[in-house]
Amino acid sequence: MLSRRVLILQLSTTALVGALVSRIRSAAAADKTVKIGINLPFTGADAHDAELIKDGALLAIDEANAQGGAAGYKIEVLLLDDGTATAGQYDPAQAATNARKMVADKGVVAAIGPQMSGSGKAMSPILSQGDLATITPSSTNPDITDPKFAGQYRPKGKAIYFRTVTTDAFQGPNMANYYADVLKVKSVYVLDDSGAYGVGIADTFQAQAEKRGIKVLGRDQLNPKETDYATTLTKIKSLNPDALYYGGVAQAGVKVVKQASDILPKMIKGGGDGLYGAEILRGAGFPAAAGWYATIAAPNILENAEAAPVIDRFAKKYGQQPENYSITAYDAALVILDAIKRVAASGKEITREAVRDAMQTARVETIQGEITFDENGDLQNRVISVFRIVKDDKYPPDDVLHQYKYLGVAPQSS
Amino acid sequence: MTRTPARLAVFGITAAALLFPLVNQNDADIDSAANALAFAALALGLNIVVGFAGLLDLGYAAFFAIGAYAYGVASSWQLQPAWSGFWEPFQWLDLVIRFHTAGGDVVHFQVSFWLMLPIAAAIAAFFGVLFGAPTLRLKGDYLAIVTLGFGEIVPIVARNIPSVTNGAMGLNGVAAPRFFGFDFGIDATPYYYVGVAIVAFLILTSQRLKDSRIGRAWMAIREDEVAATAMGVDRVRYKLLAFAIGAAFAGATGTFYVAKLQTATPEMFMFPVSVMILVMVVFGGIGSVWGVVVGALILQILQSWFLEDLSEWLHALGRFVGVDWLQHVELASSIELIFGLILVLMMLYRREGLIPAARRTRTLSLDEQTVQPARSGFTNLAARDDGSRLPLLEIVDLAVRFGGLVALQSVELSVPAHSVVAVIGPNGSGKSTLFNAVTGLVPTDQGTIRFAGEEIGRLRPHQVLDRGIARTFQNIRLFPNLSVLENVMVGMHARLVTGPVGAVLRLPATRGEEAAARERALEILSLFGNRLLPRAEHPAASLSYANRRRTEIARALAAQPKLLMLDEPTAGMNPAETLELADQIGSLNRYGLTVLLIEHKLDVVAMLADKVVVLDHGEKIAEGPPAAVRRDEEVIRAYLGRSAVFA
Amino acid sequence: MSDYGVLLQQVINGLSLGAMYALLALGFTLVYGILELINFAHFNVFMVSSFVGMWALELLGLSGQGQVLTGLALAGTLLFAFAVTMLAGGVLGVAIERLSLRPLRGVPGTAAMITTIGVSYILFNVILLTVGAGSENYPNPLPVVRWQFGEVIIELKTLLIWGVAIALMMALQLFVNRTRLGKAMRATAQDPEAARMMGVDVDRVVVTAFFLGSALAGAAALIFGLYYNYTSFIIGYTAGLRAFTAAVLGGIGSIPGAMVGGVLIGLIETLGGQLIAVRWTDVIIFSILILVLVFVPTGLFGRAAPTKS
């Protein structure tokens, strides 16, 4: 007589074995299609931003497919989620698994993503081993493409982690230059949101600010899950610096903007590209958001006449305005499509190695201007654009393209 | 007979696990299987803490983080102290190398992965003891909150000390393991096999601990802490042990996980991870070794392999039945919600989990179910009367107060060796308090308690048991989910010596001790004839009231006490059973056991007691042989009221 | 700002925070006092209630901080919003008790606490999936009025918090000490068995405790939204842990303890942030939690350890 317990154990075994067997895949022989992997954190706290990035990339891919594909090859998308319930957000372990998945799938010739640098660190070595290039529209941690860590992140040597954003190695320091040269700031207080991106950009800003002779009166770290930042802001008020710099994303950023307008109304306030976006406008609203400076790690989109129709198409297709990273994702897709076209034109087979090499030598006109990569995979055109939020009553208050006034390019460090 | 299908299942699973990468060459699948194995290991560790010992730990991921960062720091380029002579021996041991940089020579840590596995386990265990020592005596829910606090603090500290951990940005350059020159690199398969080995080892360790003296002690603590200490289990020590071993499991797994990922960020170890592991344990079956492994594997693999497929099926189902939201639901983003639902539904409807930790019980024959009470007492005990009549237990001027309430006042009591002394008195007179004071469950405010010449008033309950006093409780405190046999074997805890290492290694000495203990326990059960022996494997909660009482007495006897303290042993028994038990107690005494007895049934008292002590309102009002006490005026007044004296 | 000025301002900040923590801690301590149950779901009831409050205000046509009301219109709006939010909170709390906790009454061990963790997760994710992860701008009809005393600024909304918090706490004290149901609650908290034998309907008492506690969380939630002009799915998390520490510090099960504890934690947060650094606030507060539980488990005002083991 079998006990229920043993029965369950046996059923589980059978189920597991069945599952294992069903996972054996045969390589799908597809003609005239290539796959692009898109790896983003669709589960958890970053899900919203992930959707916007995906939408940007898909807009470009769908438009290409509607016109017959890239060099006649239809583009299929392999969507992968590197967010897990376990982590509650992006999960580097899942990202690594996804990287392997993409590498194992012979049809995948290039990838877009990841969103977060933590995932990037886990994925890059695997992608390098598999010769599969990826373009990230938002991962800005400089370590991954830093030649110092090449042995870790690209063991095979060639650049594999391309970006359509400039890294924090430039976004932070260039803004420090802007503070020093244009805003004539003599003293600053630096805040970050304790996230990987925020800490990184605040660190680079602070280092450059000190080099430029700006006195850094203090540096502290905010907890994005907390609501009340009055303590820190009051402390900053008592120290009375000329300016405030916030490195971090909107989760804490919204609260900083809101509360700083009460406590530090007259101070010069700015931050990185975490402060550039509809969430800041919607979450903080006016009058709180007015006057804040923000940077993006790309040239200004609006200046480029090609941008407007893309923005319109995005808005029409998805019912909302594209964000900064939707555009960089769109551009990333354009780079891959261009690479595929050039490989086909040269008569070679569309393999991931060929696509990677083509990407390395890319020279693509995109919304953010002409994109070329250096030998590490970083953008050569290291433009950091500075914006200021100035209320424009002619447009809805969460219209990013019109409420952020373009001020110019942040000075490069010499 | 039921072990063969179970063995086959285990063999099948092992074979499947070993052959899997050969059958499915997809690197991504192997990788997610390896991740799932890591979580199975974590679930096994938490199972020891929550499942075996009953300690709710809501910050388990803290130990995961500690093990991860320990390896990460010890084998990456993160720390580069300046080179000095101090590091020479470490270089000789191949733990560090001297690295030339532009700024001078520095130390590069490259401790081997294999070495770090046990070291990280030890470091995590150390922190387990550090956290646990001040906090494990807290009540269950308070403990949960405190562990939650630790679980929050550790990632924050990791984030705030970037010089050591690279803070929020995560470690770079964590080295992959090397096996005799073969570098694991990025290929998932070698990690998978290491994962299988780790999980197999942890399953074996868990199983062995569970079926040992250690496991019994843990489960006793889980079921009823008070009874456990009264039976000789040092609960602080064993709680710490559970905590430390659980932490060690997590520490080793952390090393494995980070070696595979080659990076670590503080966000990988936050509260949702702790909750997730708890969900796996709850889902799989709290306390069940295989259960939590299956639970962890199912939930992890569900997330990485089947979620998209399941979403597709739901979409198809939605189209089929025409329900709109089904067609659009994305399980991936709702997975946290689903896990919350699993937690709630499991707690409400299937608390034992998927594969319960319960045991299999044989149905009883009709003969075994109906047993006639016998009147001969125990007939196969070894005589232990050494002839001495000196006082074994001496209580002098004892006072116990609870705040303003005086429970005992100026109580004097002397129990001569090999005698039976009965304590009687109206309800609320302090009898049970007296017992609690002697056995250390309640602190005394005044007076001395001497046992065999030694002052025991300050001792903790398990120490009192160790000295030779065993007791039963007025409202029967058995370990409900343990079998009758296991209950009795807990009683032997203080008389056995196997420690955790012995339990895991199952040395011949340990096996011999276990076998002997089991035999002795069965012997004790057989004293009660057919009442307990057929039910030896049944959970104690399933027994009749009278049988539970007998089991409790058997458990106390297992401790080989010199003094047996019985608190209303015949309460709730019918007259025939009462007399049967009274005879049995009498025979225990004849063979040398000293008995201190609280009883309400005066015929039992008259039958058994050499001396009777009467308490009323916390004070002794009479003492003497049963016949004399029965006629004592004070006693009559206390029991029946003033008017009865003149009746 | 002078050192003295900034410290004073931080004290004011701390007292505002403290008032909110006190309200949250009260609801939590009420349930614990009766059931000896740590209700993890409490803090997400708070979070859900803040959204209900937001929707109530939006129902009245308000959005953003632009439309300011005064006088009777303001009073009426606030009353409506408080009533709706507190009712919603109370109902949610009672529903949770009925559906997920009553079936587990009497089950030993930590099954009930684990269930509240699950419920907490469910509430959190339902909001995350329906409303999204973004911050919501809270509709706020309060006029922005600031008074400056030397270097220190006090706003109207600060007075609002204190006013409402004190009023609610006094009402709660009155209820618990002067009404029959309140007396029944205190009796049940001390000894459920005896209370039941004296004819107290323990089920009703439990439901009342949950309703009151969750309604207080609802009030705290509306205050929160009006004070910070913001809400999001995550607000329960940190506020919850801090309020919990406040309840423990004050003595779990004690109503005055929760109030005092809340204020203390608020002050520790702001003064700690000012004098040390904000990045260590969590560590400081958790350390306090652990130290209090280990060395003074009954807290400042707590009774002796409860009888159940």
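Descriptive notes on the structure:
- Debye-formula intensities of segment B:170-250, expressed as log10 I(q)/I(0) at q = 0.25, 0.27 Å⁻¹, are -1.18, -1.25 (one equal scatterer per alpha-carbon, no solvent).
- Model label points for C:F175 and B:D603, set 7 angstrom from Cα along the Cα-to-Cβ axis, are 5.7 nm apart.
- From most to least packed by mean Cβ count within 10 Å, the peptides A:383-395, B:255-267 give B:255-267, A:383-395.
- The H on the amide N of A:T366, modeled in the peptide plane, is under 5 Å from the matching H of A:I371, each at least 5 residues off or on a different chain.
- In plain terms, the residue of B:L341, C:L128 with the fewest other Cβ atoms within 10 Å comes first and the most crowded comes last, giving B:L341, C:L128.
- Theoretical FRET efficiency, 1/(1+(r/R0)^6), r = Cβ-Cβ of C:F80 and C:V144, R0 22 Å, to 0.05: 0.55
- The protein assembly as shown - Rg (one decimal) and Dmax (whole number), Cα, Å: 35.0, 123
- For segment C:64-154, Kirkwood radius (reciprocal of mean inverse C-alpha pair distance, Å): 17.2
- Peptide C:284-293 is shielded by partner chain Cβ atoms: per residue, an average of 5 of them sit within 10 Å of its Cβ.
- Averaging 1/r over each pair of different alpha-carbon atoms in chain B and inverting the result gives 28.1 Å, the Kirkwood hydrodynamic radius.
- Principal axis box of chain A, alpha-carbon based, largest edge first, Å: 73, 66, 45
- Among the chymotrypsin sites (Phe, Trp or Tyr not before Pro) within segment B:117-217, those in coil by DSSP and having at most 15 neighbouring Cβ atoms inside 10 Å are B:F180.
- Distance distribution P(r), segment B:382-504, all Cα-Cα pairs, bin width 5 angstrom from 0: 2, 9, 16, 19, 19, 15, 11, 6, 3, 1, 0 percent.
- Treating r as the C-beta distance of C:L300 and B:F201 and R0 as 60 Å, the FRET efficiency rounds to 0.80.
- In this label model, C:L291 and A:V409 are separated by 5.5 nm, measuring between points 7 Å along each Cα→Cβ vector.
- If you take the alpha carbon atoms of segment C:132-283 and fit the smallest convex hull around them, that volume is 155 Å³ per residue.
- DSSP-assigned coil residues among trypsin sites (Lys or Arg not before Pro) in segment A:234-310, each with at most 14 further Cβ atoms within 10 Å: A:K266
- Cα-based helix-to-principal-axis angle, A:47-66 vs chain A, degrees rounded to 10: 60
- Gap separating the Cα centres of segment A:230-294 and segment C:176-212, nearest whole Å: 48
- Amide hydrogen proximity for B:V612: with H placed 1.01 Å from N in the peptide plane, the residues at 5 or more positions away or on another chain lying under 5 Å are B:A422, B:G624.
- Taking each residue as 0.36 nm, the span from B:L317 to B:R631 lengthens on full extension beyond its C-alpha to C-alpha distance by 104.7 nm.
- Per-residue packing, averaged as other Cβ atoms within 10 Å, sorts the ranges C:143-151, C:106-114 into the order C:106-114, C:143-151, beginning with the highest.
- Pairs beyond 18 Å (Cα-Cα), from A:K35/A:K317; A:K235/A:K269; A:K106/A:K158: A:K35/A:K317; A:K106/A:K158
- The amide H of A:I112, built 1.01 Å from its N in the peptide plane, has A:G37, A:I38, A:N39, A:I135 as neighbours under 5 Å, considering only residues 5 or more places off or on other chains.
- For segment B:1-102, the alpha carbon positions stretch 67, 40, 26 Å along the principal axes, listed from largest to smallest.
- Taking the longest Cα principal axis of chain C as reference, the axis of helix C:71-96 is set at about 30 degrees.
- Size descriptor, Kirkwood hydrodynamic radius, that averages inverse alpha-carbon separations across chain C, Å: 19.9
- Structure note, pairs A:K184/A:K211; A:K215/A:K266; A:K54/A:K348: Cα-Cα distances above 24 angstrom occur for A:K54/A:K348.
- Net length gained if the chain between B:R137 and B:D309 were fully extended (0.36 nm per residue, minus Cα distance): 57.2 nm
- Average beta carbon contacts from partner chains per residue of A:46-55, 10 Å cutoff: 2
- Shown in residue order for segment C:158-166 are the 3J(HN,Hα) couplings computed by the Karplus curve 6.51 cos²θ - 1.76 cosθ + 1.60 at θ = phi - 60°: 4, 5, 4, 4, 4, x, 5, 4, 5 Hz (x for Gly and Pro).
- Principal-axis tilt of helix B:235-261 within chain B, Cα atoms, nearest 10 degrees: 10
- Residue by residue, segment A:248-265 carries 3J(HN,Hα) couplings of x, 9, 5, 4, 8, x, 4, 5, 4, 4, 4, 6, 5, 5, 7, 8, 10, x Hz when phi is fed to the Karplus relation 6.51 cos²θ - 1.76 cosθ + 1.60 (θ = phi - 60°); x denotes Gly or Pro.
- Cβ-based exposure ranking for C:T208, C:T188, in which fewest neighbours within 10 Å come first: C:T208, C:T188
- Rounded to whole numbers, the Karplus 3J(HN,Hα) couplings from phi for segment B:204-220 are 4, 4, 4, 4, 5, 5, 4, 8, 10, 4, 5, x, 5, 4, 4, 5, 4 Hz, using 6.51 cos²θ - 1.76 cosθ + 1.60 with θ = phi - 60°, and x at Gly and Pro.
- A simple spin-label model places pseudo-atoms 7 Å from Cα toward Cβ; at B:D445 and B:D610 they are separated by 3.3 nm.
- A:K348/B:Q25 FRET efficiency (R0 25 Å; Cβ-Cβ; nearest 0.05): 0.40
- Applying both filters, DSSP loop and at most 12 other Cβ atoms within 10 Å, to the trypsin sites (Lys or Arg not before Pro) of segment C:235-309 gives C:K308.
- Relative counts (whole %) of C-alpha pair distances in segment C:1-122, using bins that are 10 Å wide: 11, 31, 28, 20, 9, 1
A short reminder: the numbers here are calculations on the coordinates, not readings from a lab. If you're wondering where the values come from, they're calculated on a predicted model, not measured in any experiment. Backbone-built Cβ (ideal geometry, glycine too); neighbour counts: all protein chains shown.
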